[in-house]
Amino acid sequence: MAAKPKKTSPTWSDVKGKLAEFDRAGLFGIVQDLYAASKGNQIFLHARFGLGGDVLTPYKAIIDRWLWPDPIKNQDTSVAAAKKAIADYRKAAGQPEGLAELMVFYCERAAGFSNEYGMDDQGYFDALVRMFEQALKVSVTLAVGQHDAMLDRLDAVRDISHNFGYGVGDAMDDLLARYGQR
């Protein structure tokens, strides 16, 4: 008896093959359906095409929600959800200025929440230091005016991070000295 062929999940190649069968109007219809299907798709397309006001606003709202939760509502923090917003923007548009802004905003919100409410989570602080380094790496590639503004904001994050313990401020001192030369 012959073995049954193994079923596999569809891949991008399968989808691409089907898309090749559509005409321009058909493709527009699919994109329109995707746009209507989810807020995430809308945010992606707005960022990709630079539509609307500040395309970073929805990404910042996600970062803010997960790094500065409402303690009255007993909300949790989620480093993964906040970092996903940055990864989603990178896929949608990936402009260095936007990435730097989101990464610095992440650091500001994580450090601000920790300073305001106190955190006792080594993993949270490790993620903050890693994002601080990524923000520095992207920020130093920007034009001088933007570069300086980002470094000033990161320096403020570094300053309040000395309140946390866990070596967070010291690690940021080292990173700012390594990457943040003006």
Item to check | Out of V55, V31, sole residue that is surrounded by 10 or more Cβ atoms within 10 Å (Cβ to Cβ) and assigned to a helix (DSSP H, G or I) | outcome: V31
Checklist entry - Would segment 105-126 turn up any residue that is among the aliphatic types (A, V, I, L, M) and more than 25 Å from A47 (Cα to Cα)? => result yes
Checklist entry - How many of the residues making up segment 115-130 are part of a helix (DSSP H, G or I) and surrounded by fewer than 24 Cβ atoms within 10 Å (Cβ to Cβ)? => result 11
Next on the checklist: Can you tell me which condition A80 does not meet? The list is (1) closer than 26 Å to D54 by Cβ; (2) in contact with a Phe, Trp or Tyr (Cβ under 9 Å, 6 or more places away or on another chain); (3) crowded, with 20+ Cβ neighbours inside 10 Å, and all the others hold.
Outcome noted: (3)
Next on the checklist: I'd like to know if segment 165-173 contains one or more residues that are in a helix (DSSP H, G or I), free of Cβ contacts under 8 Å to residues at least 60 places away in the same chain and open to solvent by 40 Å² or more (accessible area, probe 1.4 Å).
Outcome noted: yes
Checklist entry - How do the pairs read when you match residues in segment 131-145 that are free of Cβ contacts under 8 Å to residues at least 12 places away in the same chain with residues anywhere that are open to solvent by 60 Å² or more (accessible area, probe 1.4 Å), using Cβ under 9 Å and keeping only pairs 6 or more apart or on different chains? => result A143/E97; V144/R182
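Yes/no per residue for (1) among the hydrophobic types (A, V, I, L, M, F, W, C); (2) open to solvent by 50 Å² or more (accessible area, probe 1.4 Å):
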{"residue": "P10", "(1), (2)": "no, yes"}
{"residue": "V15", "(1), (2)": "yes, yes"}
{"residue": "D23", "(1), (2)": "no, yes"}
{"residue": "W66", "(1), (2)": "yes, yes"}
{"residue": "L99", "(1), (2)": "yes, no"}
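Take I43 and tell me if it is part of a helix (DSSP H, G or I) and exposed (fewer than 11 other Cβ atoms within 10 Å of the Cβ).
No.
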Next on the checklist: Checking the conditions here, which among K60, K73, K39 is without any contact (Cβ under 8 Å) to a residue 24 or more places away in the chain and under 26 Å from N115 (Cβ atoms)?
Outcome noted: K73
Next on the checklist: I'm trying to understand the selection: among the residues of segment 148-164, which are more than 14 Å from L102 (Cα to Cα) and open to solvent by 20 Å² or more (accessible area, probe 1.4 Å)?
Outcome noted: D148, D152, D155, A156, R158, D159, I160, H162, N163, F164
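The values are calculated or read from the model by the stated rules, or taken from the named source; none is laboratory data. Note that the coordinates shown come from a computational prediction; the quantities given were computed from them, not determined experimentally. Cβ coordinates were reconstructed from backbone atoms using ideal geometry, including for glycine residues, and neighbour counts include every protein chain displayed. The protein model used for the area step is the full one, side chains on, heavy atoms only, and it has no ligands, DNA or RNA in it. Shrake-Rupley method; radii C 1.70, N 1.55, O 1.52, S 1.80 Å.
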